[in-house]
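**Q** Here you go, one structure.
The values are calculated or read from the model by the stated rules, or taken from the named source; none is laboratory data. All values reported here derive from a predicted model rather than from experimental measurement. Here the Cβ positions follow ideal geometry from the backbone for every residue, glycine too, while neighbour counts run over all protein chains shown. When the accessible area is computed, the model is the full protein with side chains, heavy atoms only, and any ligands, DNA or RNA have been set aside. Shrake-Rupley method; radii C 1.70, N 1.55, O 1.52, S 1.80 Å.
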Amino acid sequence: MSHFECRPGTGRGGLPRFLVGCDDDESPGSEDGGMRSDSEPRDGEEEEEEEEEEDPSSERQVVVGICSMMKKSKSKPMTQILERLCKFEYITVVIFPEEVILSEPVDKWPLCDCLISFHSKGFPLDKAVSYVQLRSPLLINDLNMQYFIQDRREVYRILQEEGIDLPRYAVLNRDPDRPEECNLVECEDHVEVNGEVFHKPFVEKPVCAEDHNVYIYYPTSAGGGSQRLFRKIGSRSSVYSPESSVRKTGSYIYEEFMPTDGTDVKVYTVGPDYAHAEARKSPALDGKVERDSEGKEIRYPVMLTAMEKLVARKVCLAFKQTVCGFDLLRANGHSFVCDVNGFSFVKNSMKYYDDCAKVLGNMVMRELAPQLHIPWSIPMEAEDIPIVPTTSGSMMELRCVIAVVRHGDRTPKQKMKMEVRNAMFFDLFEKYGGYKSGKLKLKKPKQLQEVLDIARQLLLELVQHNDCEIEEKKSKLEQLKTVLEMYGHFSGINRKVQLTYLPNGQPKASSEEEDSQREGPSLLLVLKWGGELTPAGRVQAEELGRAFRCMYPGGQGDYAGFPGCGLLRLHSTYRHDLKIYASDEGRVQMTAAAFAKGLLALEGELTPILVQMVKSANMNGLLDSDSDSLTDCQQRVKTRLHEIMQKDRIFSEEDYQKLAPSCSLSLVNSMKIISNPVSTCDKVYTLIQSLTRQIRKRLEDPKSADLQLYHSETLELMLQRWSKLERDFRTKSGRYDISKIPDIYDCIKYDTQHNASLGLEDTLELLRLSRALADIIIPQEYGINREEKLDIAYAYCLPLVKKIQLDLQRTHEDEAVNKLHPLYSRGVMSPGRHVRTRLYFTSESHVHSLLSIFRYGGLLNEEKDEQWKQAMDYLNAVSELNYMTQIVIMLYEDNNKDPSSEERFHVELHFSPGVKGCEEGDNVPMGFGFRPASSENKEKQTDPGSLEDLSQDEPDRAVLIEPISMQKRSPLIRNRKAGSMEVLSESSSSSRASAYRLFPSCSRQSPEMKPSGLGGICSGLFSAAGLGASSSAPNLQELGQTHPKKPLFPRSSHRDGFEGCSMVPSIYPLETLHNSLSLKQVDEFLTAVCESGGDTNSKTLKSLSALFDSKSQQSLDSYAQEESASTPSHAPRPRPLV
């Protein structure tokens, strides 16, 4: 056996065929092998004549040789990458057999044009160096530098010379010829090495990089002893030893111990412009290797900062190792390199295998194709320059994506309010600093335990002094105690207590309150529980994240066999500046983590993704709001709503004017369904009573004793939910508390969706009526008329509006965040290009408020702008902003326009009402999809206001307005490229090798594409109800051919949802609200909003001033520490965009 060969296109079906060995008398470099050495003549006349006579089909191949120990060359990562490398049309891979490497002289080794060779235990590096001197192949990893990588002293020297941060260290050389480097003084809690003092804890590393016996010594104050690290054996990577003395034989590096919170970061480069990073539990922690169910070490995804990306580039170039792994320690706000491993692959990452093969293949072809006269041209990657067709039909560069997203499906939220005056509550309020802001949130186990202790003590006192005047309070205290005792343990995600200081006590909300108001200060205690993200919510968020990839350049490509790869490659090549923010609610944070998992093709559990990827933005109201502390305006609005909904008569014209002054279609329809609000509430109350009776009857049935409902709920807990609503909805005076209507709708929506198998009667009628009531109460609680809506919206989301404005400004001001340093940008196509993504995950209140600002804040005049009028008509027809509602802003740059032109930057505003509600039937508002501006496409379009014309002209379009139903395994589906740079560049190149494909490619279409059909089978994001749409949305209409057994747009049921996930509702596609806004227009609008909101709400203005305009900008840094280092310390004023 002499070599192992992989040839493209030689097996059946176009798959690579691996040939193992050949006869001893065959030369591996013979014509049969299709290989040559660089030492063979290439430029002589004889060669040229022979090449001219050769059969054109047998084109010259670039031979890539793999020279390493068999354990490495046949490892899973190497095999996966080589299989992909063989997909290049002109590349052949030859693996050098281990016996040849060890036993044969180098002149007998196989010939190759490019060599991938690296040292590992037992590898004859000297022979490999001799081979390179003999054959002069292109080297992927320099061999001479691998001698240095084996010596930690040399590694640290090179890192220092390159200006790369590393821990403070000193070298102890026990070399008789160099006694001056062997001065060691050991004391109880420190050592002195050649005059350099290292206090414990410190690290002791052997100078030989192959020796993994690294020791960490601890101070006596922490118990002394040492942690002894070694190469992983089974599930251990270190053990603790009581030994506190350093080793007395051998040479070592002593270095400062870096506090990293128990996590190491491993970085893997493939060339200077690509790096993959992941974190693992530090072996120094307890020595236990965390492994998953398959026995693989658990590693977490990591985002590299701009400086870390520059470090990765420096390491790759300094050590001349294209494929290179190194270790980062993140400590005290800085990153330090502590080890360089040389040739190293990521394990178990298909995306990395795809990217690695693509980068290496293009690198090899770029260097060798011209020398070997191979007709190969450098492909212009769609991912290299993020240019896409916008929905207005022109080609622009995507610069920024901002999305505000509501959390996913959750368990019903439950809440109990009570006014407390006991001194113990005031003491607790003072203990945790409640008087500073007048509000206090208690979520930590210790804090909740203190509240429980107070409740228990007060209940004990009430039993001893049975005071009838506070019986109502007793029931509230019992409920407080019961809820806090649930689950047997505390979790902030499950429960929280809020306390608000009321200087004059709680005002009476309505006349039915029995107790007269007491004088003096009190605390409003609000207990919240439930509201956890469900498994369905996780699926929704993850699938939406997958779908979001498709709006990025290259996201429609067939590279790597699934949509969205453009975003992934932008991300890995340092040109995606991503920040994900979430409010402090558990359901919101987990939604953000699940979305990130889908967006970035991550694997594993959500908790580590949450820790690594999601920033908490719970300060100054950026994404959080204290909904229990209502503004005066909200209080007035709620009182008016209460009065209107308490009238026991059919809604009059006056009521319509009072309740729906905007004549919103969804409100008017709901009022028609309700007709008489009190009689409708009577029906709802009767239906709730019927429901609780049915649940009690089920509980009495022995067959239902152990019945488990959705998300581990029991019938008892379900009964508690509904019994509480039954008690609270109808007061003792017989009037209805309409503030409970959203909770009723919340519960019946949840049970209809997730517990339909119980077969309870009349649930759909209860859903219909409570939905009609909720469709009035919920949106109108955020303001009835325009002025109220804006007033309340400013109170909720003015900080978020300001942050969005900063995001847009920082993008067009072209700061240096996440770009390569100019000194290190040579050879990088578009090193300055990047796409900024800011994702904000929040709750319903912020989504309602932000939408109100866009609708009523004066962005556009709907009387003068037809497109905006259509958008407003659509929004007026939307009755509910359900889970996963999205407001998306996309900023494009037209590089062909003058930088000072208003047309240089182009902004689009998109919206989706989120998850499709239960039993919506045909009452779905129809948007106009992603479509070109009507003024640019008048000849191509029918009247955009005529939905009837759409269905008449193209009958198959009728299904396009249905909500998308994303499939669980959708990323594996191929789809067409649409409007990417790769499409555009193909017209200038006829070479079959100009595009690299890992899988058989689909036919392509022109950038002027038809609307995308994003339903049924695909992971779609964009609506395509308009005609002639030309957008960055993927065209997935061919997907029906991929899965012929399933219809592309299933009409039978909207509730089938995601494949493999029972009862997970589908999500509405994004609809374009406006696609021809200028950045100047948007910037001036946001400035006006902030100024108006500041005048209306001076308190919010003060927090904004502290948050964004202070010179130190410390507040902003606390939730956006990784924002651009080049941004001025004060927030930039909106500069005029002339």
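**Q** How about the stretch 144-202: which trypsin sites (Lys or Arg not before Pro) there are in a DSSP loop, with at most 16 other Cβ atoms within 10 Å of their Cβ?
**A** Within the stretch 144-202, the qualifying trypsin sites (Lys or Arg not before Pro) (loop, at most 16 other Cβ atoms within 10 Å) are R168, R174.
**Q** With respect to the cross-link table entries K496/K703; K266/K358; K76/K579, which display a Cα-Cα separation exceeding 25 Å?
**A** K496/K703; K76/K579
**Q** While we're here: I'd like the Karplus ³J(HN,Hα) series for the stretch 864-880: coefficients 6.51, -1.76, 1.60, θ = phi - 60°, whole numbers in Hz, and an x wherever there's a Gly or Pro.
**A** 9, 10, 5, 5, 5, 4, 4, 5, 5, 4, 5, 5, 5, 8, 7, 8, 9
**Q** Step through the table entries K417/K474; K638/K802; K647/K749; K121/K309; K415/K444; K415/K481, compare each Cα-Cα distance with 21 Å, and write down the pairs that go over it.
**A** Numbers: K417/K474 13 Å; K638/K802 28 Å; K647/K749 26 Å; K121/K309 30 Å; K415/K444 18 Å; K415/K481 14 Å.
The answer is K638/K802; K647/K749; K121/K309.
**Q** Going through the cross-link list K74/K347; K74/K127; K443/K724, which pairs have a Cα-Cα distance over 18 Å in this structure?
**A** Values: K74/K347 13 Å; K74/K127 20 Å; K443/K724 23 Å.
Too far apart for the 18 Å limit: K74/K127; K443/K724.
**Q** Label K869 and H334 with points 7 Å out from Cα along Cα→Cβ: what is the distance between them in nm?
**A** With each label placed 7 Å out from Cα toward Cβ, I get 6.3 nm.
**Q** How large is the Kirkwood hydrodynamic radius of the stretch 122-260, counting all unique pairs of alpha carbons, in Å? Mind dumping the intermediate values first?
**A** On the way: mean 1/r = 0.0586 Å⁻¹.
Its Kirkwood hydrodynamic radius stands at 17.1 Å.
**Q** Determine the order of H276, H465 by accessible area, beginning with the largest, at a probe radius of 1.4 Å. Show your work: numbers first, answer last.
**A** Working: H276 30, H465 120 Å².
Ranked from most to least accessible, the order is H465, H276.
**Q** So which trypsin sites (Lys or Arg not before Pro) in the stretch 714-789 are both in a DSSP loop and have at most 12 other Cβ atoms within 10 Å of their Cβ?
**A** Details: sites: R721, K724, R727, R730, K732, R735, K740, K749, R768, R771, R786, K789; in loops: K732, R735.
Those that pass, being in a loop and sparsely packed, are K732.
**Q** Something else about it: In whole angstrom, how long is each semi-axis of the equivalent ellipsoid of the stretch 864-905, when you take the square root of 5 times every eigenvalue of its Cα gyration tensor and sort them from largest down? Write down the numbers at each step before the final one.
**A** Working: eigenvalues 194, 51, 5 Å².
Result for the stretch 864-905: semi-axes of 31, 16, 5 Å.
**Q** OK, next. With label points built 7 Å along Cα→Cβ from the Cα atoms of R727 and Y147, find their separation and express it in nm.
**A** Reported label-point gap for R727 and Y147 is 8.3 nm.
**Q** Next question, about the same structure. Taking the full set of protein chains and a 1.4 angstrom probe, give the accessible area of F326 in square angstrom, rounded to the nearest 10.
**A** Approximately 0 Å² of F326 is accessible to the 1.4 Å probe.
**Q** Identify the GluC sites (Glu not before Pro) of the stretch 84-172 meeting these criteria: DSSP loop state and at most 15 other C-beta atoms within 10 Å of the C-beta. Don't jump to the answer; show the numbers that get you there.
**A** Details: sites: E89, E98, E99, E154, E161, E162; in loops: E89, E162.
Here the GluC sites (Glu not before Pro) that fit, given the DSSP loop and packing criteria, are E162.
**Q** May I ask you to give the percent of accessible area on the stretch 59-101 that is carbon plus sulfur, with a probe radius of 1.4 Å?
**A** Numbers: 720 of 1320 Å².
The nonpolar share, carbon plus sulfur, comes to 55 percent.
**Q** For the stretch 352-369 and the stretch 835-869, what is the centre-to-centre distance using only Cα atoms, to the nearest Å?
**A** 44
**Q** I've got another one for you. Suppose each label sits 7 Å from its Cα in the direction of the beta carbon; what would the D189-R247 distance come out to in nanometres?
**A** Spacing of the two 7 Å Cα→Cβ label points: 2.7 nm.
**Q** Along the Cα-to-Cβ line of K74, 7 Å from the Cα, sits a label point; which residues in the stretch 83-108 have backbone N less than 18 Å from it?
**A** 83, 93-104
**Q** L317 to K439: FRET efficiency via 1/(1 + (r/R0)^6), r the Cβ-Cβ distance, R0 60 Å, to the nearest 0.05? Spell out each step's value before the answer.
**A** Values: r = 53 Å, r/R0 = 0.88.
Here the calculated transfer efficiency is 0.70.
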